[in-house]
Structures are given as structure tokens and as C-alpha cells.
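Working notes, structure below.
Every number here is computed from the coordinates shown, using simple stated rules; none is lab data. Values in this document were obtained by computation on a predicted structure and should not be read as measured data. With ideal geometry, Cβ positions are generated from the backbone for all residues, glycine too; neighbour counts draw on all protein chains shown.
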Amino acid sequence: MTSEEDALPSSGLPAATPAPAAAGLPATVPSWLRILCRLTARLPRGHGRLLQALARLCKPLQTVQVQLTSGSLWLDLRESACIPLYREGGYRHALPSHHILARFLSEAMTVFDVGANIGYFTAFFSRHLPRGGRVIAFEPMPRALRLLRLNAQLCPGEIIVIPSAVGPASGIARCQERPQLDTSYVTFDSAASQGARVDVVTLDAAAERYGQPDLVKLDIEGAELLALRGATNILSNQHPPIVLIEYIEPMAARFGVYSLAQLCEVFSGNGDYEIYRVCQPGVLCAADAVEDHGPEVTSDWLAVPGCKRALVASFVR
């Protein structure tokens, strides 16, 4: 169920997170093409480019509904962001965060999905929120928006799609849509002339319109700090949200190379936040307790206000 508007726990550590299973193509795709795609997906190398090439030639692969481990989604196999979903049934890197988030999503929660892309996280949130919860999904990129709108229709709860960027102040930005869709980003420079124009909203303005969020997910290719600078009111609210942030330093370089410490400083004066790193197989580690690189770490960080720490206590290692 969707609408669209203009811009404006158990105790103990979890068991190892299972790997996703491959998705199958529906019967609406010709059998010979399903077989060819299945064989291509099994290749150890080059499967992504070959599947994208097939999709450019074969229209049935450009808007196709597949069954993933978490439910069905519309995919476009021309898009590199869709290849892991078809080949593995999900994003492996998202499984630790999913494991944690699924345990505290509860009735009547409002979730802001900032950088919703094609709607993978949006669908996850909607399918794990009981009746009464809703997801506000922000996505400015036209190609991603096409699939996000379709995927919102597949979900049981209320989803509001906002075709806007999120930044430090309301205004206009430029979309820098890349061939690799999930690396697309926006530029907030008013002098920029390249890229499609898109409205910019702040998280505070969105909260005034849709209500205080209980959870905010930020994955906007390096602009996370800028988005948080427009969230002063929601972070200092009596009921501040839990915030899931992806931080990748090379992405941050597009916006002035801010450090993780600078990102964490945003929370230092608000809501008695504690910052955790999301680690495999779905546990939370103190920000300074793990190495920057290694098989157990992810690029996701969870900022938890003091009033909500009990929700994640069983995941803290």
C-alpha cells in the first residue's frame, strides 16, 4: 500500500546469519530466458555484466517481479543494484542490520528511509512493522524511483514515497545519476549545472509533516552528515529516533571528507546517544572496540538514544 507526496527481543547473541537464497524468475519470463539467466548467475565471474547485457536485449527482464527471502520485489536486471537480489535473494551486507532491526520494529512506529533506492529496505521495514506502522521513503534518482514506486505497491503497510533529496536546508540539488545506480548521489552546490534538478527537504521539515520518526535509516552515498545537520529538532526531541547510518569514507569525500568522529559529534549533544558499529553476525560493538577493517565489521553504525537503549541491549557485545 503506498501513497506519494511532493517534496516537502530475546537475550543472548544471535546465531550466525544465514546467507540469502537465489531468487527465481516468474513464468511471465520465457522458459529459455529463465534457463539462460539461471546458468549465467552461476558463473563465478562476469555474471553481473552478462545479466545486465541480457536485460538490455530482453524487455521481460527490465521490469520483473521476483520472490526474495524477505518477500517479492520488482527488479530491473539492467541495474547492477538488482543483480545481487536476483542472484542471492538479498544483500548480504544488509543481513546483520536486518537481524537487529527486525527485533525492535513495533506497532505504530514511523520509519524514515533516507536513500531508499529501489525499495529493498523500505519493503523490509514495511513487512516487519505491525499494523499501524508506516515508512516514509526518500529517493531522488529517477531510475530508482521507478522501482521504488512499484515495490511500495507490494507492501502491506503504509508507505509514502518522497521524490526528493534530504539535506541540511530546503532548496534545490542536482542528481548525479550513475550507471551503477547505487553509487548515484546529489550535489547541493547552487552553482552546479549538470544533472536533473530535484527538491531538497530536511528531516526536521519532514517530521513536522509526517510526525516524529522512531527510526531513521541514512544511506545517501556520503551526504549523511549534511542530512543530520537538518535534523536538529528530531534529534533533540523528547523521543529521539534510533539512527542507522552507512559511513564509507571515500563516499564522504564528495562532501568535504568528514570523519566518523565528526559524524558522531552530531549526536553528542542530543538524547544521550550511544554509537555502536554493526558487526557480523548481527551484533553491536562499541564504536572504539573493533578494528576499522576485518571480516566481522560492516559499514553500518547505529546511534541509539539513552531512552531506547533497552531495545538493543541484547545485541551489545
field: Filtered GluC sites (Glu not before Pro), the range 62-151: DSSP coil and at most 11 other beta carbons within 10 Å
entry: 107
- prompt: Can you pull the semi-axes for the range 141-194, root of five times each eigenvalue of the Cα gyration tensor, sorted largest first, whole Å?
  reply: 25, 15, 7
message: How large are Rg and Dmax for the range 92-315 when calculated on the C-alpha trace, in angstrom?
response: 16.4, 49
query: Working out 0.36 nm times the residue gap between residue 38 and residue 108, then minus their Cα-Cα distance, what length gain in nm do you get to one decimal?
result: 21.2 nm
query: What full-extension length gain, to one decimal in nm, is calculated for residue 28 and residue 285 as 0.36 nm per residue of separation minus the Cα-Cα distance?
result: 88.0 nm
message: Let me check I've understood the local charge: for residue 48, count other residues with C-beta under 12 angstrom from its C-beta, Lys and Arg +1, Asp and Glu -1. What total comes out?
response: +2
statement: A correct Kirkwood calculation over the Cα atoms of the range 31-88 returns a hydrodynamic radius in Å of 11.3
222 nm mean residue ellipticity, helices alone, for the chain (DSSP H n ≥ 4; -39,500 (n - 2.57); rounded to 500): -7500 deg cm²/dmol
query: For residue 94, what charge total do you get from the other residues with a beta carbon under 13 Å from its beta carbon, if Lys and Arg give +1 and Asp and Glu give -1?
result: -4
- line: Expected vector for the range 86-101, Karplus 3J(HN,Hα) from phi with 6.51, -1.76, 1.60 and θ = phi - 60°, integer Hz, x for Gly and Pro, equals 6, 6, 10, x, x, 9, 4, 5, 8, 4, x, 5, 4, 4, 6, 4
query: By DSSP, what percent of the beta bridges with both residues in the chain are antiparallel, rounded to the nearest 5?
result: 50
query: Pulled fully out, how much extra length does the chain show between residue 72 and residue 196, if you take 0.36 nm times their separation in residues and subtract their Cα-Cα distance?
result: 41.6 nm
- request: Would you pull out the residues with amide H under 5 Å of residue 201's amide H, same chain only if 5 or more places away, H placed 1.01 Å from N?
  value: 165, 166, 167
- request: Give the residue from 148, 48, 125 lying farthest towards the positive end of the charge dipole for the chain; charges sit on Cβ (+1 for Lys and Arg, -1 for Asp and Glu) and the dipole is referred to the Cα centre.
  value: 48
